[in-house]
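Chemist: Let me begin by handing over the structure; questions about it come next.
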């Protein structure tokens, strides 16, 4: 599926969290289940911190175990760009920019419109 950027997005993290299957992290905060970004967990590990999809975590007390590799790369978006979706998760799409690069990264659906 293709999406057109309808609102600029420049909040991509400078050093996105990168985690691997089996890694253990500390749970810092859970996103508001009634808000725009449900099912995200703020995790902290050695020299890393970032939001991770709840679906790939096992949570026990305040410790989480990672079930699959994940990287929180995000696109910076400019109105008019076209993105090609690989998959959707928790209000975001994993996608590449059409005609720009092959780099895959996350983009927030509330900045996009399906074309």
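The values are calculated or read from the model by the stated rules, or taken from the named source; none is laboratory data. Fair warning: this is a prediction, and the values are worked out from it, not measured in the lab. Heads up, the Cβs are rebuilt from the backbone with ideal geometry, glycines too, and the neighbour counts pull from every protein chain shown.
Chemist: Name the residues in region 29-45 that are exposed (fewer than 13 other Cβ atoms within 10 Å of the Cβ) and touching a residue at least 40 places away in the same chain (Cβ under 8 Å), would you?
Modeler: Listed by number, the list holds a single entry, 36.
Chemist: Ok, one more. Residue 79 - would you say it is exposed (fewer than 12 other Cβ atoms within 10 Å of the Cβ), in contact (Cβ under 8 Å) with a residue 12 or more places away in the chain, closer than 30 Å to residue 115 by Cα and over 13 Å from the mean Cα position of the chain (by Cα)?
Modeler: yes
Chemist: Which members of region 82-105 meet the condition of being under 18 Å from residue 18 (Cα atoms) and buried (at least 19 other Cβ atoms within 10 Å of the Cβ)?
Modeler: 92, 93, 95, 105
Chemist: So, in region 33-83, how many residues would count as being part of a loop (DSSP other than H, G, I, E, B) and either closer than 23 Å to residue 104 by Cα or modelled with pLDDT of 95 or more (or both)?
Modeler: 15
Chemist: Related question: Would you be able to tell me the number of residues in region 90-102 that are closer than 28 Å to residue 30 by Cα and either out of contact with any helix residue (DSSP H, G or I) (no Cβ under 8 Å at 6 or more places or on another chain) or touching a residue at least 24 places away in the same chain (Cβ under 8 Å) (or both)?
Modeler: 6
Chemist: Follow-up question, since we're still on this one. Quick check on residue 95: is it outside the structural domain of residue 53 (by TED's automatic domain parsing) and assigned to a loop (DSSP other than H, G, I, E, B)?
Modeler: no
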